[in-house]
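Reviewing the structure listed below.
The values are calculated or read from the model by the stated rules, or taken from the named source; none is laboratory data. All of these numbers come straight from a predicted model, not from anything done at the bench. Backbone-built Cβ (ideal geometry, glycine too); neighbour counts: all protein chains shown.
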Amino acid sequence: MNFQAVKSIYSFEMARFFRTLSQSLISPVLSTSLYFIVFGAAIGSRIEQIDGVSYGAFIVPGLIMLSVLTQSISNASFGIYFPKFLGSIYELHTAPVSFVEIVLGYVGAAATKSALIGLVILATATFFVDFHILHPVAMLAFLLLTCVSFSLFGFIIGVWSKNFEQLQMVPLLVITPLVFLGGSFYSISMLPPLWQTVTLFNPVVYLISGFRWAFFGAADINIGLSLAMIALFMFVCLGIIWWTFKTGYKIRT
Amino acid sequence: MSPIVSIQNLSKQYASGFQALKNVDLDIEEGEILALLGPNGAGKTTLISIICGLVNATSGAAKVGGFDVVDDFREARSLIGLVPQEIALEPFQTVNDALRFTRGLFGKRQDDALAKSILEKLSLWDKRDTKTMELSGGMKRRVLIAKALCHEPRVLFLDEPTAGVDVELRKEMWDVVRQLKADGVTIILTTHYIEEAEEIADRVGVIHNGELLLVEKKATLMQRMGKRQMRIELMQQLASIPQSLASYNLDYTADDQTLTYSYEANGERTGIAALFADLSKAGLILRDVETRQSSLEDIFVGLVEDKS
């Protein structure tokens, strides 16, 4: 195991984050603030409480997840796609590193970034709504698990993308609908029975439900099941990455 | 001494069906400069890409320092530095950071003294804090070399190092290569410029259509394949070559009244003395005589023609 290489990749990726700090932080914070103003304050004041929580507070976990998922995917996919685009990826192939070091470096950095963004958004939320977190440790654990598993997913997208369009396509066409339909803004118990069933095929539902449980103690889905589903998603991603590197698919000719 | 790079029966067929390498065997000795010579698409880049880990071979094996490039990739790659053909640098990175990154990938901590000596050798020390995107093309290429050297490889691969490089930089590059050789680094470079191979290499391997046609010491190659030619300019026009000179297989060009005689440079008998005697007997008066050695280019063209 080449830890120095992991450190190199990790710190190089983090340097990119801090170089573009304004871009990295301001845009998610700004857009989340707008959500709080519109859905939390303006519309939320006319919506009754859900599970004993005000609507403004109810959407906090979902909004954090919304940003964290998008950021994890875009950070990780861009991180590995950019060297591919530049051609500088040759360095990774010719260095004494296996996919383990590469994934730890790139996914670790992407997950760190999105976790930081998640925490900043959480801090921002306290300016708009009153809430307190029932299970802070579980909240952090859910946040980190989500960051890691979706950074893995983003990494796969980055490896498989042939151009910038494809890189944008998956987050845009797949993730945004999954997040919006995953219960960010509502409890899935509000849906008609048919759609409740359909929703259970959406992995994001388990994330948001579990994350919300950590905040307020109430969940749409059993917390154990939520955790199991995230773990499953993470292992599927790891498996795909392992296979991709083993066969050289899209990586080596 | 066992070779530092050993390639056995290496073949590569791309998914498109294109056979880029055909059963290549090659041993490279430690400390030598080997030039892989061949036209575009001959398989040079594929060969070094397999050794460096960029391309998976279809069959066969390659070892560097006794380590298999697939099974013991960590040990093998630790010994290798690669300067790629295309300039590929992270644009926002400074030169210093670029070196630090590469050295880190090879599991080594930053060594400021080493980085300084490499950058100075490549006239990049002044640019150490400059972002790579602000450098000229020639400097970017030198950054690639610096990156390849910063983890102290024992084998350095230079893929078309002088493609699109001006004369000045080319000269600098050869100085660096000679310096590295003096430091004991084994150097493998690919080129389609024969002059380059002739200028810098100890041995030359000729690749064509995925086959390694031959690998020879440059001097041996020149001797073995090299023909000398003598051009004899005459005072008078000839209607035809006199019968008495038929055995010399002379070529006659009427335009400049010149006879051309080919002979083996290192043959036991060149036949030159006899030819002069016979020319004189035939009553031909000479104006001028010139001899030339065939270049690697002539040799290469000859080899490729033989094969096809």
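Of the residues B:Ala15, B:Ala20, B:Ala98, only one is at the interface with another protein chain (Cβ under 10 Å from one of its Cβ atoms) and under 30 Å from A:Met14 (Cβ atoms); which?
B:Ala98
Would you pick out the residues in region B:55-95 that are within 21 Å of the chain's Cα centre (by Cα) and free of Cβ contacts under 8 Å to residues at least 40 places away in the same chain?
B:Glu86
Is there a residue in region A:77-86 that is assigned to a helix (DSSP H, G or I) and more than 14 Å from chain B (Cβ to nearest Cβ)?
Yes.
Yes or no: region B:139-146 includes at least one residue that is of a type in the set (Lys, Arg), surrounded by fewer than 21 Cβ atoms within 10 Å (Cβ to Cβ) and in a loop (DSSP other than H, G, I, E, B).
no
Of all residues being among the aliphatic types (A, V, I, L, M) and assigned to a strand (DSSP E or B) in region B:147-159, which is farthest from B:Leu114 (Cα to Cα)? Just the residue, please.
B:Leu158
If you go through region A:142-149 one residue at a time, do you hit one that is in contact (Cβ under 8 Å) with a residue 12 or more places away in the chain, under 20 Å from the mean Cα position of the chain (by Cα) and over 22 Å from A:Met234 (Cβ atoms)?
There is no residue in region A:142-149 that is in contact (Cβ under 8 Å) with a residue 12 or more places away in the chain, under 20 Å from the mean Cα position of the chain (by Cα) and over 22 Å from A:Met234 (Cβ atoms).
Residues in region B:48-71 that are facing chain A (nearest Cβ under 9 Å) and over 26 Å from A:Phe3 (Cβ atoms): how many?
Residues meeting the conditions: 3.
For region B:175-191, what are the residues that are crowded, with 17+ Cβ neighbours inside 10 Å and out of contact with any Asp or Glu (no Cβ under 7 Å at 6 or more places or on another chain)?
Within region B:175-191, B:Val176, B:Val177, B:Leu180, B:Lys181, B:Val185, B:Ile187, B:Ile188, B:Leu189 meet the criteria.
Name every residue in region B:69-91 that is part of a helix (DSSP H, G or I), surrounded by fewer than 24 Cβ atoms within 10 Å (Cβ to Cβ) and of a type in the set (Gly, Ala, Ser), in order of residue number.
B:Ser78 - this is the single residue of region B:69-91 that is part of a helix (DSSP H, G or I), surrounded by fewer than 24 Cβ atoms within 10 Å (Cβ to Cβ) and of a type in the set (Gly, Ala, Ser).
Tell me, please, whether a residue that is among the small types (Gly, Ala, Ser), touching a strand residue (DSSP E or B) at 6+ places or on another chain (Cβ under 9 Å) and surrounded by 15 or more Cβ atoms within 10 Å (Cβ to Cβ) can be found in region A:205-218.
Yes, there is a match, as at least one residue in region A:205-218 is among the small types (Gly, Ala, Ser), touching a strand residue (DSSP E or B) at 6+ places or on another chain (Cβ under 9 Å) and surrounded by 15 or more Cβ atoms within 10 Å (Cβ to Cβ).
Output the residues belonging to region B:47-93 that are of a type in the set (Ser, Thr, Tyr) and within 14 Å of B:Cys150 (Cβ to Cβ).
B:Ser78
Can we say A:Gly154 is within 14 Å of chain B (Cβ to nearest Cβ), at negative phi and in a helix (DSSP H, G or I)?
Criteria not met by A:Gly154.
Having 3 or more residues that are within 18 Å of the chain's Cα centre (by Cα) is the bar; report the strands (runs of 3 or more DSSP E) wholly within region B:160-260 that clear it.
Passing ranges, in order: B:186-191, B:203-208, B:211-217.
Taking B:Arg74 and the conditions (1) closer than 16 Å to B:Leu156 by Cβ; (2) within 11 Å of another protein chain (Cβ to nearest Cβ), which numbered condition does it fall short on, given that it satisfies the others?
Exception for B:Arg74: condition (1).
Just for helices (runs of 4 or more DSSP H) wholly inside region A:162-253: which have at least 2 residues that are under 14 Å from the mean Cα position of the chain (by Cα)?
Of the helices (runs of 4 or more DSSP H) lying wholly inside region A:162-253, those with at least 2 residues that are under 14 Å from the mean Cα position of the chain (by Cα) span A:176-180, A:203-216, A:223-247.
Condition check ((1) in contact with a Phe, Trp or Tyr (Cβ under 9 Å, 6 or more places away or on another chain); (2) within 28 Å of B:Gly31 (Cβ to Cβ); (3) among the acidic types (Asp, Glu)) across all residues:
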| residue | (1), (2), (3) |
| --- | --- |
| B:Asp68 | no, yes, yes |
| B:Asp71 | no, yes, yes |
| B:Ile87 | no, no, no |
| B:Phe92 | no, no, no |
| B:Leu99 | no, yes, no |
| B:Leu105 | no, yes, no |
| B:Lys108 | no, yes, no |
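State the number of residues belonging to region A:1-60 that are in a loop (DSSP other than H, G, I, E, B), within 14 Å of another protein chain (Cβ to nearest Cβ) and in contact with a helix residue (DSSP H, G or I) (Cβ under 6 Å, 6 or more places away or on another chain).
Final tally of qualifying residues: 1.
Quick one: is B:Phe157 touching a Cys at 6+ places or on another chain (Cβ under 9 Å), within 19 Å of B:Leu34 (Cα to Cα) and either at pLDDT 90 or above or acidic (Asp, Glu) (or both)?
yes
Among the residues of region A:88-118, count how many are in a helix (DSSP H, G or I), surrounded by fewer than 22 Cβ atoms within 10 Å (Cβ to Cβ) and polar (S, T, N, Q).
The total comes to 1.
Are any of the residues in region B:62-76 closer than 20 Å to A:Lys84 by Cα and small (Gly, Ala, Ser)?
no
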